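Novice: Encoded as structure tokens, here's the structure I'll be asking about.
Values in this text are rule-based calculations from the coordinates and carry no lab data. Since the model is a prediction, treat every value here as computed from it, not as a measurement. Cβ coordinates were reconstructed from backbone atoms using ideal geometry, including for glycine residues, and neighbour counts include every protein chain displayed.
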Amino acid sequence: MSRPKNAMEIFKHLEKSNCRECGEKSCLAFAGAVFTGAKPIDACPRVDDATRALFKGGAGETGDNGDIYLSALQQEMKECDLAEASRRIGGTVSEETLILKVLGKDFGVDREGKFHTTLHVTPYLGVPFLNHVLHGKGVPAKGEWVSYRDIPGGREQYNLFHRRCEENLKRLADGHTGLFDDLVHLFNAREVPPQFQSDISVVLHFFPTVPFMICYCNDQDGLGSSLNVFYDRTAIENVDAESLFYLGVGFTYMLERLALRHGS
Ligand code: SF4
């Protein structure tokens with residue numbers, strides 16, 4: 001990885017088309033986001049391999065490490081007893097494929113580690129999913145919500161999680177009033193009575209035993225809006241802290257791309 005001295009060093013390697021697929025309004029804004037650590041270089045689908053290699057691997061990035069880790073977990077799947085795993089984590093087995101509900105959609109994996117899903121699989125989703133299948137204990141959620149900061153192993157990465165997940169989700173919610181309705185329709189989210197003094201709270205499930213809650217407060221008295229993400233206290237029994245980081249950040253990228261596609 002190269003540590004750029006400023007955003008312009010990153011910018012000169014970008015396509016400069018301002019296509020916005022990265023969720024930023026321009027390539028320059030994206031360069032700034034990579035420089036501050038708010039976005040990984042991978043969030044631009046148009047960078048070439050040389051540029052990825054140059055700027056990958058910052059704190060909390062999956063980068064090539066994510067791809068290598070994903071391949072290693074896919075190898076591990078060869079030894080996986082699919083029936084045992086499905087009983088443990090609440091899935092089903094059909095045609096030699098273990099199927100779990102991920103964000104309300106069927107998401108399958110076979111013993112070759114091949115995915116069967118309509119969701120776009122990146123290391124941000126593939127690594128946590130396989131970790132959960134292989135090592136998750138299937139501990140049921142207790143309904144005790146905690147910040148990522150209070151998950152064992154989450155404190156060190158929390159600032160980055162806040163910038164890449166919570167702040168970017170807040171920005172989306174600020175600019176797109178229908179965001180929470182979309183979450184309900186697209187990802188089977190459930191609106192629950194507002195928690196933690198928020199105006200709206202919705203619960204979604206990365207996996208059947210790994211729910212997460214998004215709480216959004218409208219701007220009041222000019223103090224600005226706020227958004228927080230909470231995991232169930234049992235989440236760490238079902239997937240590791242790094243995977244919880246990837247899930248939150250990967251979900252945010254997915255929503256940013258959807259919002260751009262629909263012109264908000
Ligand atoms: S995805 Fe972002 S950084 Fe990449 S070319 Fe498009 S606007 Fe530029």
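Novice: Once the Cβ-Cβ distance between residue 92 and residue 159 is put in as r, and R0 is 45 Å, what FRET efficiency do you end up with, to the nearest 0.05?
Specialist: Given R0 = 45 Å and the Cβ-Cβ separation, E is 0.70.
Novice: Can you spot the aspartates and glutamates whose alpha carbon is less than 17 Å from residue 142's alpha carbon? Ignore those fewer than 8 places along the same chain.
Specialist: Answer for residue 142, where 17 Å is the Cα cut-off: 150, 232, 237, listed by chain and number.
Novice: What FRET efficiency comes out for the pair residue 26/residue 258, r = Cβ-Cβ distance, R0 = 22 Å, nearest 0.05?
Specialist: It comes out at approximately 0.65.
Novice: If you wrap the range 64-135's Cα atoms in a convex hull and average its projection over all directions, what's the area in nm²?
Specialist: 4.3 nm²
Novice: Oh, and also: Based on the Cβ-Cβ distance from residue 111 to residue 223, what FRET efficiency comes out when R0 is 41 Å, to the nearest 0.05? Walk me through the intermediate numbers first.
Specialist: Working: r = 53 Å, r/R0 = 1.28.
My answer for the efficiency is 0.20.
Novice: What does the extension gain come out to for residue 9 and residue 83, with contour length at 0.36 nm per residue minus their alpha carbon separation?
Specialist: Values: separation 74, 0.36 × 74 = 26.64 nm, distance 5.06 nm.
Value of the extension gain: 21.6 nm.
Novice: For the range 145-156, just list the computed ³J(HN,Hα) in residue order, Karplus coefficients 6.51, -1.76 and 1.60, θ = phi - 60°, integers in Hz, with x standing in for Gly and Pro.
Specialist: 8, 9, 5, 4, 4, 9, 7, x, x, x, 4, 5
Novice: Using DSSP to call loops (not H, G, I, E or B), can you name the chymotrypsin sites (Phe, Trp or Tyr not before Pro) in the range 186-225 whose Cβ has at most 14 other Cβ atoms within 10 angstrom?
Specialist: Passing sites in the range 186-225 are 196.
Novice: So which GluC sites (Glu not before Pro) in the range 140-234 are both in a DSSP loop and have at most 11 other Cβ atoms within 10 Å of their Cβ?
Specialist: Here the sparse-neighbourhood loop sites are 144.
Novice: Using the Kyte-Doolittle scale, which helices in the chain average at least 0.5 and also have C-alpha atoms spread 27 Å or more along the helix axis, with helices defined as whole DSSP H runs?
Specialist: Once both thresholds are applied, what remains is 241-261.
Novice: Once fully extended, how much extra length lies between residue 46 and residue 171, figured as 0.36 nm per residue of separation less the alpha-carbon to alpha-carbon distance?
Specialist: 42.7 nm
Novice: Taking 2.2 N^0.38 Å as the expected size of a compact globular protein, what ratio does the Cα radius of gyration of the range 7-58 give against it, to two decimals?
Specialist: Working: Rg = 9.4 Å, N = 52, 2.2 N^0.38 = 9.9 Å.
Rg over 2.2 N^0.38 Å, computed on Cα atoms: 0.95.
Novice: Given N residues in the range 145-261, what is Rg(Cα) / (2.2 N^0.38 Å)?
Specialist: Compared with the compact-globule rule of thumb, the range 145-261 sits at 1.00.
Novice: Cα-Cα over 32 Å: which of 39/101; 105/137; 25/78; 5/137; 56/105; 25/56? Numbers along the way, then the final one.
Specialist: Details: 39/101 27 Å; 105/137 21 Å; 25/78 43 Å; 5/137 44 Å; 56/105 30 Å; 25/56 21 Å.
From 39/101; 105/137; 25/78; 5/137; 56/105; 25/56, over 32 Å: 25/78; 5/137.
Novice: Between residue 195 and residue 16, what is the label-point separation in nm under the 7 Å Cα-to-beta-carbon projection?
Specialist: Computed distance between label sites residue 16 and residue 195 equals 4.8 nm.
Novice: Debye calculation, C-alpha points only, no solvent: report log10 I(q)/I(0) for the chain at q = 0.09, 0.16 Å⁻¹, in the same order as the q values.
Specialist: These q points yield log10 I(q)/I(0) values of -0.41, -1.29.
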